[in-house]
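The structure appears below as structure tokens.
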Amino acid sequence: MRAPVISALLILALSAAAAAPALAQGGLACGPFTAAALASPEPQPDAHFRQRLAEINSAVKSLRDRILFLGDSLTERWDPDIWQQHFAARDAINAGINGDRTEHLLWRLDHGNLDGPPPPGVVLLIGTNDLGHGREPETAAEGIRANLIRLRERLPQSRILLVALPPRSQDPQDRLRREVGAVNRLIAACGDQREVLYADIGGVLLDGQGRLTAPVSPDRLHFSALGYRKLAGQLDPLIDRLLDGH
């Protein structure tokens, strides 16, 4: 074989090798954010998790869902009146489970939550419990990224709205508030604004001094009806964009 041919084949092989990691990781532009091992995907051990898992798995198979909201208690606890007003008409399914960390949601994605017809859009909000569990921001961000990769693998035709972690703690200088910001700065790179839309909407929850106040978040983590109303107003146009063309 002549040298030019060998060189051409070598270039093709190197190009394929360079492209393989991106394909293997769902085509995401971001990360990895840490070399540390992530927690293995697993379910939560409590009865509430099992009940919610069964409800979600049944809903995705029996309903014509257009939007799948995946997350933890921040998703599960949406005010029912606000949910009905803003999202029920869009055929949305609330697939949030209290207490979920990134490894719990990742387990769910392979155990029934995606077994129905592929939804045109997915809203993903997960990771604040990773920080509450004492994990570093880089580890929490990598857990979010792992879920994004799985969603791109399992739902290649669905568009994803990746919602930044909302602020927690009253004081802007609190450790958890700063760690939320660190996670968001990392995962922002995962949005390509085409297949994965990244949106940081949490600022609408804060007052003029950057505080998360009791009327919006009584425990400085979960939201009141007022807090959810503020979030819904931000999500409406983003979901319209997510569903554009579907």
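Where a number appears in this text, it was derived from the coordinates with a stated rule and is not lab data. Model, not experiment: these values are computed from the prediction. All Cβ positions, glycine included, derive from the backbone under ideal geometry; neighbour counts span all protein chains shown.
Side notes on the structure shown:
- Extension reserve of the Asp91-Glu136 stretch, reckoned as 0.36 nm per residue once the Cα distance is removed: 12.6 nm
- Working note: 222 nm ellipticity from helices only, DSSP H runs with n ≥ 4, each -39,500 (n - 2.57), summed and divided by the residues of the chain, gives -14000 deg cm²/dmol to the nearest 500.
- Each Cα pair under 8 Å and six or more residues apart adds its sequence gap; the mean of these over the residue count of region 44-242 is a relative contact order of 20 percent.
- Residues whose amide H lies under 5 Å from that of Val196, counting only those 5 or more places away or on a different chain, are Ile160; hydrogens are built 1.01 Å from N in the peptide plane.
- Cα centroid separation, region 136-176 to region 34-105 (Å): 14
- Rounded to the nearest 10 degrees, the inclination of helix 137-154 to the longest alpha-carbon principal axis of the chain is 70 degrees.
- Length released on extending from Thr213 to Ala36, taking residue separation times 0.36 nm less the Cα-Cα span: 60.2 nm
- Here the Karplus curve 6.51 cos²θ - 1.76 cosθ + 1.60, taken at θ = phi - 60°, turns the phi angles of region 54-63 into couplings of 5, 5, 5, 4, 5, 5, 5, 8, 9, 9 Hz, with x standing for Gly and Pro.
- Annotation: the residues Ile56, Ile149, sorted from fewest to most other C-beta atoms within 10 Å of their own C-beta, follow the order Ile149, Ile56.
- For region 42-71, applying the loop criterion from DSSP together with a ceiling of 10 other beta carbons within 10 Å to the trypsin sites (Lys or Arg not before Pro) yields Arg64.
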